[in-house]
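**Student:** Here you go, one structure.
Just so it is clear, none of the values below were taken in a lab; they were calculated from the coordinates. Every value quoted in this text rests on a predicted model; they were computed, and no experiment measured them.
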Amino acid sequence: MDIALMSMSLSHGKVQQQASLSVMKIAMGNAKQQGEAVQELLSTANVKALQQAVQPHLGENIDVKL
């Protein structure tokens, strides 16, 4: 086997591996951001539920004058 061809093949393999790792890191970063957003949404939903439980009468009646 030709040494130059083998060197090119190994180099090509390294480039493919580095590209795959870069794509994986981007995907992991996106997943982490989405997870944090979901946690934030869940925590704000719990606060609203607690406020409603503590003061259930708020928001039930509306005074309207014509």
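**Student:** Return one number: the angle in degrees, 0 to 90 and rounded to the nearest 10, between the long axis of the Cα atoms of helix 3-54 and the longest principal axis of the Cα atoms of the chain.
**Tutor:** The two axes meet at around 10 degrees.
**Student:** Further question on the same structure: Convex hull over the alpha-carbon atoms of the chain: what's its volume per residue in Å³? Walk me through the numbers before you get to the answer.
**Tutor:** Details: hull volume 7.1 nm³, N = 66.
Convex hull of Cα atoms, per residue: 108 Å³.
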